[in-house]
Amino acid sequence: MLGGQAFMAFIPVTDMAVARTFYIDVLGLTVTDESPYALTVDAGGTMLRLTRVDDLRPQPFTVAGWTVADMRASITALEAGGVRFLRYDGFEQDDLGVWTTPGGDEVAWFADPDGNTLSLTHFAG
C-alpha cells in the first residue's frame, strides 16, 4: 500500500539553532520548511524533519544514514567541518574509522550534537 508513496524521516533534536547549524552548515542539507517545532530539510530527495523535543535519550544504534560514492572524500570533507567519526569495540575500523563488512561494503559512524548516531555507507557493488 505505501510502496509507491514518498518516505519521510524524523530525527529528534533538543536545540533547533544547534541542529540547524549542524545539518545545514556542516552536513550541507537544504532547508525546505522551518517552524518553531521542526526544521524540514531535503536529505538527498527524502524529507527529513528535525523535530524539537524537550527530553532526548539518544539510542545506541544508527538512526539515519547516507550512501556515498566516495567514503574517504566524504569523511575528509565532514571532518573539515568538525565532525568526529566514532569507533566501536569489536569492529576493525581503519584510520578514518571505516569498517569494511565481509561483503566489502564500507560503513562509518558519527553523531549529531544531540548524540544521535548517523552513518555513511559505500556499497561495494
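Throughout, read-outs are computed from the coordinates displayed, never taken from laboratory work. A quick note: this is a predicted structure, and the numbers were derived from the prediction, not measured. Virtual Cβ from ideal backbone geometry, glycine too; neighbours counted across all protein chains shown.
Descriptive notes on the structure:
- For the stretch 62-125, the relative contact order works out to 41 percent when only alpha carbon pairs closer than 8 Å and six or more residues apart are counted.
- The angle separating the long axis of helix 71-80 from the principal Cα axis of greatest extent in the chain is about 60 degrees.
- From phi via Karplus (6.51, -1.76, 1.60), per-residue ³J(HN,Hα) for the stretch 85-100 in Hz, x at Gly/Pro: 7, 8, 10, 10, 4, x, 10, 7, 9, 7, 5, 9, x, 8, 9, 9
- Whether the stretch 8-54 is rounded, prolate or oblate, judged on the alpha carbon gyration tensor where a/c under 1.5 counts as rounded: oblate
- D_trans [Stokes-Einstein, Kirkwood Rh over alpha-carbon pairs] for the chain, 37 °C, 0.692 mPa s, µm² s⁻¹: 212 µm²/s
- Each peptide in 97-103, 58-64, 71-77 gets a packing score, the mean of other Cβ atoms within 10 Å over its residues, and the list from highest to lowest is 71-77, 97-103, 58-64.
- Calculated FRET efficiency, Y88 to L2, Cβ-Cβ distance, R0 = 30 Å: about 0.35 to the nearest 0.05.
- Listed peptides 109-118, 9-18 by packing density, highest first (mean Cβ within 10 Å): 109-118, 9-18
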